[in-house]
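Visitor: A single structure is presented below for examination.
No lab work stands behind these numbers, since they all come straight from the coordinates. Everything quoted here is computed from the prediction, not taken from an experiment. FYI the Cβ positions are ideal-geometry reconstructions off the backbone, even for glycines, and counts take in every protein chain you see.
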Amino acid sequence: MPPIDFAAARAQLRLAAVLALAGFTPSSRRGLQLRGPCPVHRSTRPTSRSFAAHLGKNVWHCFACGAGGNVLDLWVALTGQPVYAAVLDLCARLGQNVPLLRPRRPRATEGRMPAP
């Protein structure tokens, strides 16, 4: 399995797209901040405001169940997949390339014996 650049994935994947995949409908919106029923613990009241998402910061939190985090944390919570599989799945669903880590090039000093 090729190594995924998780920092690049978090920056590339947008919370708004994940919320759309989850079928999230906000009950209120103020600028880049959304409030509504929690898709993680599946709030039953459509007017619930327990779930808060900030689209600019790409973070979310539920005040009822205590879950929260970044865009990858949300997809993991919604799908129950390990984070590696969740990134592959999410990138495929959104038609985006999976950001991979580039192989490290050894430094000129690596591999040499230290001077006595």
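Visitor: Could you go through region 45-54 in sequence order and give the Karplus-derived ³J(HN,Hα) for each residue, using 6.51 cos²θ - 1.76 cosθ + 1.60 with θ = phi - 60°, rounded to whole Hz, and x for Gly and Pro?
Guide: Karplus values, whole Hz, x for Gly and Pro: 8, x, 8, 4, 10, 6, 9, 10, 10, 10.
Visitor: Taking neighbour Cβ counts within 10 Å as the exposure measure, how do Trp60, Trp75 sort from fewest upward?
Guide: Sorted ascending by nearby Cβ count, the order is Trp75, Trp60.
Visitor: Ok, one more. To the nearest 500 deg cm²/dmol, what mean residue ellipticity at 222 nm is calculated for the chain from DSSP H runs of n ≥ 4 alone, each contributing -39,500 (n - 2.57), summed and divided by the residues?
Guide: -9000 deg cm²/dmol
Visitor: Compute, for the chain, the length of the dipole vector about the Cα centre, with Cβ point charges of +1 (Lys, Arg) and -1 (Asp, Glu) only. Units Debye, rounded to 20.
Guide: Dipole magnitude for the chain comes out near 300 debye.
Visitor: Could you pull out the trypsin sites (Lys or Arg not before Pro) across region 1-58 that fall in loop regions by DSSP (anything but H, G, I, E, B) with no more than 10 other Cβ atoms inside 10 Å?
Guide: Filter output for region 1-58: Arg42.
Visitor: Taking N as the number of residues in the chain, what is its Cα Rg relative to 2.2 N^0.38 Å?
Guide: Ratio of Rg to 2.2 N^0.38 Å for the chain: 1.39.
Visitor: Using modelled backbone amide H atoms (1.01 Å from N, in-plane), which distant-in-sequence or interchain residues come within less than 5 Å of Ala67's amide H?
Guide: Under 5 Å from the amide H of Ala67: Cys62.
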